[in-house]
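Below: one structure, written as C-alpha cells.
The values are calculated or read from the model by the stated rules, or taken from the named source; none is laboratory data. Just so you know, these numbers come straight off a predicted model, no measurement behind them. Cβ placement follows ideal geometry from the backbone for every residue including glycine, while neighbour counts extend to all protein chains displayed.
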Amino acid sequence: MILVIGGAYQGKRAYASEKYDIEEKDWTDGENCTEDDILCSRAVYNFHIYIRRQAESGIDMTKLAEKIKKKNPKLIIVTDEVGYGIVPMEAMERTWREACGRVCTVLASYADEVIRISMGIGQKIK
Amino acid sequence: MFHLITGGSGSGKSAFAESCILDFQGKNRIYIATMFPFDEESHVRIQRHRKMRKEKSFSTIECYTGIVKLEISPDADILLECMSNLTANEMYQENGAKDQCVPQILAGIDHLITQARNLVVVTNEVFSDGRHYEEETEKYLYNLGRINCEMSKMADRVTEVVYGIPVRLK
C-alpha cells in the first residue's frame with residue numbers, strides 16, 4: 001500500500017501517476033465511487049471526500065483501513081490532509097476531520113511508503 | 001530534555017507523546033490534562049485518552065490555568081496535553097491570564113523544564129485551513145502561533161506527527 005498525502009492542489013495525483021505509472025483509467029474518484037470500487041481498483045484519489053461521504057451517511061469507518069489492507073493491499077491512495085485548522089463549530093465537520101485522521105493513521109501504519117507532497121515535491125516520510 | 005510534539009487533528013500525537021514518555025524509562029510519569037470538560041464530546045475525548053494512559057501508569061494532574069504554580073518532583077517525566085486547550089483556557093476562563101496569556105504560559109513551560117526530569121508538550125497545528133476568522137479567533141491563532149514558535153526555540157527536540165509517523169523538525 002502507498003499513501004500520497006498533502007494539502008489541496010499540490011500535485012499529489014500527478015506525482016503518483018508519474019511515479020507509479022498509473023493511467024487515467026486506473027484511477028477511482030473518491031467523490032463518487034463505492035467501497036467496492038476502492039477495494040478492487042489500483043489507485044484512488046479524493047479519498048478524503050470518500051471519507052466525508054461516509055461520515056455524512058453516518059457510516060462507521062473503524063474497519064475501513066483493515067478491509068483495504070485485507071482485500072486490496074497494493075492500493076495507492078491519494079488524500080488531502082484536512083486536520084490542520086481550527087476545530088470546526090459543526091459536529092459533522094469535526095467528525096469528518098477526525099475520521100480522516102484516524103483512518104489514514106491506520107492506513108499509514110500498513111503502508112510500505114507514505115509520501116507527503118508540497119508544491120509538487122514529494123517527501124518520503126515512511 | 002524538552003520535546004515538543006505537534007500535528008493535525010487525529011494524527012496520533014497523543015499516542016506518540018505517550019510512547020516518548022515511556023522511552024524515558026522513569027518511575028514517575030505525570031500527565032497534565034488541560035482539557036476542560038465542557039460538553040459531552042470533550043468527555044468522550046477525555047475518556048479515550050484516559051483509557052490510552054491507563055496501562056502506562058501515569059498519574060494525572062488536571063490543570064486548566066496557571067501551570068506556573070504547579071509543584072513538580074524532580075524525578076518526574078511530564079506529559080502536558082495540549083497547548084491549544086491551555087491557551088484557550090488562559091484566554092477565556094475567568095481566572096485565566098487573559099492578555100498576559102503568552103508570557104504566562106511560556107513562564108509555565110520554563111518552570112516545568114526547570115522542575116521536571118523530562119517534559120513532553122503536545123501542541124496542535126491549527127494554522128493551515130486558509131480561512132480568515134473573527135478577531136477573537138485570529139487573536140487565539142496569533143497567541144498559539146507565538147507560543148509554539150517560542151517553545152520550539154526552547155525545545156531540545158521538535159517532532160510533527162503525520163498520520164502516526166514522526167517527522168523530526170528539530
Open item on the list: Against the definition (under 30 Å from residue A:107 (Cβ atoms) and either basic (Lys, Arg) or surrounded by fewer than 16 Cβ atoms within 10 Å (Cβ to Cβ) (or both)), how does residue B:47 come out, yes or no?
Closed with: yes
Task: Residues (more than 20 Å from residue B:156 (Cα to Cα) and within 14 Å of chain A (Cβ to nearest Cβ)) located in the range B:93-131 - done: B:126, B:127, B:128, B:129, B:130, B:131
Task: Yes/no for residue B:92 being modelled with pLDDT of 95 or more and more than 14 Å from the chain's Cα centre (by Cα) - done: yes
TODO: Look at residue A:61 and say whether it is closer than 19 Å to residue B:44 by Cα, of a type outside the set (Gly, Ala, Ser) and more than 14 Å from the chain's Cα centre (by Cα).
DONE: no
Open item on the list: Any residue at all in the range A:76-90 that's over 23 Å from residue B:42 (Cβ atoms), among the polar types (S, T, N, Q), within 16 Å of the chain's Cα centre (by Cα) and at the interface with another protein chain (Cβ under 7 Å from one of its Cβ atoms)?
Closed with: no
